[in-house]
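Readers should treat all values here as calculations from the given coordinates under stated rules, not as data from a laboratory. These figures come from a predicted structure and were not determined experimentally. FYI the Cβ positions are ideal-geometry reconstructions off the backbone, even for glycines, and counts take in every protein chain you see.
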Amino acid sequence: MSTAPALSVVVPVYNERDNIAPLVDEIVAALRGQLEFEIVYVDDHSSDDSLAVLQALKARVPELRVLHHVKNSGQSTSIRTGIKAARGAWIATLDGDGQNDPADIPKLLAARDADTTGTLMFAGWRVNRKDSGSKRWASKWANAIRSNMLRDNTPDTGCGLKLFQRDAFLDLPYFDHMHRYLPALMQRAGHKTVSVPVNHRPRSSGVSKYNNLNRALVGIRDLRGVAWLIARSKRTPVKEF
């Protein structure tokens with residue numbers, strides 16, 4: 001690809017070998033012929049053969065790029081690695097488990113193209129979750145607590161499907177698990193965000209890397225940290241003469 005693509009699709013994966021090829025094919029089906037794009041997969045030092053699967057796919061998917069962490073570093077770091085390497089001015093992110101639907105990426109792009117307010121993030125909103133009852137219950141309460149503390153007007157920050165401007169993301173403060181708070185962090189930086197209803201699918205293969213307890217324990221500390229960042233933020237208008 002000689003010129004920078006219009007869109008970079010960033011997908012972090014850890015031990016998702018059976019979900020990789022179907023998801024890549026769906027991304028290609030959704031975007032090829034619509035715009036110039038690249039797919040940036042970040043393998044977070046998988047212990048299965050996810051990396052080998054990705055390397056084999058490169059032979060038939062010219063848009064695919066493969067990055068590999070030499071040690072396991074977590075989802076937020078994987079997302080940031082992919083975005084730093086991405087060549088597109090706009091980024092679409094997807095979870096690597098196949099529960100996000102790539103067919104919704106054009107929907108987010110259409111929302112961006114129709115926007116007249118300078119919105120820099122279009123966040124997926126899973127209006128019909130296909131997770132277990134306990135997971136949906138935990139997410140409902142986590143979203144309620146987060147919304148009450150951060151006032152981010154975002155019904156679903158846990159959806160991996162998002163579309164945003166690359167430079168705006170790289171300007172945000174980085175910390176582990178930051179991907180759970182991207183709308184609030186974008187708003188803290190002075191950018192507008194919009195939630196867009198999207199499809200959600202059951203996991204067809206593999207196992208979740210999180211459980212409700214570890215999400216809650218990490219989330220409490222991070223939520224307090226993000227609330228502190230918002231309280232301490234300061235933006236100053238600048239004029240150039």
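Charge dipole (Cα centre; +1 on Lys/Arg Cβ, -1 on Asp/Glu Cβ; no other charges) of the chain amounts to roughly 960 debye.
Database remark: amide H of residue 195 closer than 5 angstrom to the amide H of 123 (H placed geometrically; neighbours at sequence offset of 5 or more, or on other chains; Pro and chain starts carry no H).
Along the axis of the charge dipole computed for segment 7-231 (Cβ charges of +1 for Lys and Arg, -1 for Asp and Glu, origin at the Cα centre), the listed residues 147, 163, 70 are led at the positive end by 147. In the list (i) 63, 42, 28; (ii) 51, 48, 34; (iii) 53, 39, 33, the label attached to Cα extents along the principal axes in Å as derived from the coordinates here is (ii).
Under a model in which nothing but the beta-carbon of Lys, Arg (+1) and Asp, Glu (-1) is charged, segment 1-65 shows a dipole of about 260 debye around its Cα centre. Of all the options 70, 13, 42, the one that moves most in a Gaussian network model of the chain with Cα springs shorter than 10 angstrom is 70. Under 5 Å between amide hydrogens, built in the peptide plane, is the criterion, and for residue 61 it picks out nothing among residues at least 5 positions away or on other chains. From helices alone, the chain scores -12000 deg cm²/dmol at 222 nm; the rule is -39500 (n - 2.57) for each run of n ≥ 4 DSSP H residues, then divide by the residue total. Within the listed set 121, 149, 178, the residue fluctuating most in the Gaussian network model of the chain (springs between alpha-carbon atoms under 10 angstrom) is 149. Quick check on my link table: of 58/84; 58/192; 84/234; 192/239, which ones sit more than 30 Å apart, alpha carbon to alpha carbon? Result: 58/192 exceed 30 Å.
Under the convention that each Lys and Arg Cβ holds +1 and each Asp and Glu Cβ holds -1, the size of the dipole of segment 33-79 around its Cα centre is about 100 debye.
What ³J(HN,Hα) values, in whole Hz, does the Karplus curve 6.51 cos²θ - 1.76 cosθ + 1.60 give for segment 104-113 when θ = phi - 60°, with x put for Gly and Pro? Karplus values, whole Hz, x for Gly and Pro: 7, 4, x, 5, 5, 4, 5, 5, 5, 5.
Computed over neighbours whose Cβ is under 12 Å from that of residue 120, the net charge equals +1, Lys and Arg +1, Asp and Glu -1. Taking other Cβ atoms within 10 Å as a rough exposure proxy, 68, 179 sort from fewest to most as 68, 179. Remark on residue 48: its backbone amide H falls under 5 Å from those of 15, a criterion applied only to residues 5 or more positions apart or on other chains, H modelled at 1.01 Å from N.
The protection proxy used here, the mean number of other Cβ atoms lying within 10 Å of each residue, ranks peptides 89-100, 188-199 as follows, highest first: 89-100, 188-199.
Applying the Karplus relation 6.51 cos²θ - 1.76 cosθ + 1.60 with θ = phi - 60° to segment 65-74 yields 3J(HN,Hα) values of 10, 10, 10, 9, 7, 6, 8, 5, 10, x Hz, where x marks Gly and Pro.
The residue among 9, 238, 178 whose Cα reaches farthest toward the positive pole of the charge dipole of the chain, with charges on the beta-carbon of Lys, Arg, Asp and Glu, is 238. Note on the chain: antiparallel DSSP beta bridges, both residues inside, total approximately 25 percent of the bridges counted.
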